[in-house]
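Working notes for the structure below.
The values are calculated or read from the model by the stated rules, or taken from the named source; none is laboratory data. Worth saying up front: this structure is predicted, and the values here are computed from it rather than measured. Using ideal geometry, Cβ is built from the backbone for each residue, glycine included, and neighbour counts are taken over all protein chains shown. Ligands, DNA and RNA are stripped out before the accessible areas are found, and what is left, the full protein with its side chains, is counted by its heavy atoms. Shrake-Rupley method; radii C 1.70, N 1.55, O 1.52, S 1.80 Å.
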Amino acid sequence: MTGARETDEPGAAPPYEIRRATSTAELIAAQHLFDGPAREEWAARFLAAPGHLMLIAYVGGGPVGFVSGIEMLHPDKGTEMCLYELAVAARHRRRGIGRALVEELAAAARARGCYDMWVGVDTDNDPAFATYRSAGARDEGHFAMLTWAWG
């Protein structure tokens, strides 16, 4: 899977490549993009879990963005993809990398037989809305997300 893009246009995005993460070393190398440090045992568990998917964007061989997805299955609906998290390093934003990551995840979801893909977005996160809409998502309206936190 690759979303490689190259251009010689002035001011255009640098070349990038998108690959599915298959090793804990790849996840650890991308941990600067996560909310906190990656733990090797959690990274291994993520990669081993059926339906878990992490795509990483690389520029010059280094990770500059990622998207994670988790398949969700329900007896009366089938399988859908939850876009769990998307991040692009600040200096690589607004170059199409986030959109490309979302599009690659959507393509993977379709290839896996998912009937749709969804993401929860904070209502004040304008950059996220712009990225997801540019990748073809439509707004289903406002909803509330309630959470339970243990420890």
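What is the distance in Å between the Cα centroid of segment 123-151 and that of segment 37-116?
Segment 123-151 and segment 37-116 have Cα centres spaced 16 Å from each other.
Could you give the DSSP H helices of the chain that reach 15 angstrom or more along their long axis (alpha carbon positions) and whose average Kyte-Doolittle hydropathy is no lower than 0.5? Don't jump to the answer; show the numbers that get you there.
Values: long enough: 97-111 (21 Å, 0.71).
Span-like helices, by this rule, are 97-111.
Measure off, as a whole percent, the carbon and sulfur share of the 1.4 Å-probe accessible area of the chain, all protein chains present.
On the way: 5120 of 9870 Å².
After summing per-atom areas, the C and S share lands at 52 percent.
Let me check the size of segment 77-120 from its C-alpha atoms; what are the radius of gyration and Dmax in Å?
Cα radius of gyration and Dmax of segment 77-120 are 11.9, 40 Å respectively.
Working with all protein chains in place, sort TRP148, TRP42 by solvent-accessible area computed with a 1.4 Å probe, largest first. Spell out each step's value before the answer.
Details: TRP148 185, TRP42 145 Å².
The ranking, largest first, comes out as TRP148, TRP42.
Running a GNM on the chain with Cα contacts under 10 Å, which residue among ILE97, ILE70, ILE28 ends up with the highest mean-square fluctuation?
Its mean-square fluctuation being the largest, the pick is ILE28.
With a sphere of radius 15 Å drawn around the Cβ of HIS32, what net charge do the other residues whose Cβ falls strictly inside it have (Lys, Arg +1; Asp, Glu -1)? Before the final figure, lay out each step's value.
Details: positive: ARG39, ARG91, ARG93; negative: GLU26, ASP35, GLU85.
Neighbourhood net charge equals 0.
Counting heavy atoms of the protein chains only and a 1.4 Å probe, report the per residue accessible area for segment 72-151 as a whole number of Å². Don't jump to the answer; show the numbers that get you there.
On the way: 5960 Å² over 80 residues.
Averaged over the residues of segment 72-151, the accessible area is 74 Å².
Full extension from ARG112 to PHE143: what is 0.36 nm times the residue separation minus their Cα-Cα distance, to one decimal in nm? Walk me through the numbers on the way to the answer.
On the way: separation 31, 0.36 × 31 = 11.16 nm, distance 2.73 nm.
Gain in length upon complete extension: 8.4 nm.
Grab the beta carbon distance between ALA44 and TYR84, set R0 = 25 Å, and tell me the FRET efficiency rounded to 0.05.
0.90
What's the extension gain from ILE28 to THR123 if we count 0.36 nm per residue and subtract their Cα-Cα distance?
Numbers: separation 95, 0.36 × 95 = 34.20 nm, distance 3.03 nm.
In short, 31.2 nm is gained.
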